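The values are calculated or read from the model by the stated rules, or taken from the named source; none is laboratory data. Bear in mind that the values here come from a model prediction, so they are computed numbers and not experimental data. Here Cβ is always computed from backbone atoms with ideal geometry, including for glycine, and neighbour counts include all displayed protein chains. Heads up: the accessible areas ignore ligands, DNA and RNA and are worked out on the full protein's heavy atoms, side chains in. Shrake-Rupley method; radii C 1.70, N 1.55, O 1.52, S 1.80 Å.
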Amino acid sequence: LIGARVVPFLDGSIYHETITVNIIAKLHASVEPPCKVFGSTAIVQTVSRIGEDGYRPHVTVSCSAANVGSRLYVEGPRVVVEVLSQSNAGPTWNIKLFEYWNTVSIEQLVLVDSVERYITSYIRRPDGSWNAPIILTQGILEFAPLRVSMSLEKVYQNTSLA
């Protein structure tokens, strides 16, 4: 749902799913409780969306103690990763992006292209503003709020983009 409207999104490719799994695996192996890693089945609480009206990022990390049991949504997302494809571009994507930017708990937003080897990472400053985006085509992706690093080779492992 976007603005109380059902907006269809096409399924991602095998590369899209592989990239998502690579990132989930790395973060899951690296973060310590109370932090938890969630996949795209988790609904994320943002500045104006809660419960079933929320977004489902491909990867979310939250360190909120509220995320236990059978909750409907993830509170206090700190890191959000979206794996981009043709299905999540355009005006509806821009609405989603602004929602993430305006959610104070989100300290990092990472956009990973699944067609080209290209990652954009936005990191929030302590004053709440955002740093200029970090663009990566090689090297290391830093999940700064989590103190976790991941090489682009690992991000794109088992794809032709590795």
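Here Ala132 clears all of (1) hydrophobic (A, V, I, L, M, F, W, C); (2) touching a Ser or Thr at 6+ places or on another chain (Cβ under 9 Å); (3) farther than 20 Å from Gly54 by Cβ; (4) not in a strand (DSSP E or B) except the condition numbered (2).
Within the stretch 78-91, identify whether any single residue is more than 18 Å from Thr18 (Cα to Cα) and at pLDDT 95 or above, and answer yes or no. Within the stretch 78-91, one or more residues are more than 18 Å from Thr18 (Cα to Cα) and at pLDDT 95 or above. Residues in the stretch 26-70 that are farther than 21 Å from Trp101 by Cβ, among the polar types (S, T, N, Q) and touching a Pro at 6+ places or on another chain (Cβ under 9 Å): Asn67 alone. Scanning the stretch 135-158 for residues that are among the hydrophobic types (A, V, I, L, M, F, W, C) and either open to solvent by less than 40 Å² (accessible area, probe 1.4 Å) or assigned to a loop (DSSP other than H, G, I, E, B) (or both) yields Leu136, Leu141, Phe143, Leu146, Val148, Met150, Leu152, Val155. In the stretch 105-115, of all residues being modelled with pLDDT of 95 or more and assigned to a loop (DSSP other than H, G, I, E, B), the one that is surrounded by the fewest Cβ atoms within 10 Å (Cβ to Cβ) corresponds to Ser105.
Specify the residue that is least open to solvent (accessible area, probe 1.4 Å); the eligible residues are those in the stretch 57-96 that are in a loop (DSSP other than H, G, I, E, B) and closer than 25 Å to Val115 by Cβ. It would help to see each step written out before you state the result.
Restricting attention to the stretch 57-96, the residues satisfying the condition of being in a loop (DSSP other than H, G, I, E, B) are 57-58, 63-72, 75-76, 85, 89-90.
Next, from what is left, pick out any that are closer than 25 Å to Val115 by Cβ: 57-58, 85, 89-90.
Working: Pro57: 0, His58: 29, Ser85: 26, Ala89: 61, Gly90: 31 Å².
Filtering the stretch 57-96 for residues that are in a loop (DSSP other than H, G, I, E, B) and closer than 25 Å to Val115 by Cβ, the one least open to solvent (accessible area, probe 1.4 Å) comes out as Pro57.
Of the residues making up the stretch 1-36, just one is outside any helix (DSSP H, G or I), among the basic types (Lys, Arg) and at pLDDT 90 or above, namely Lys36.
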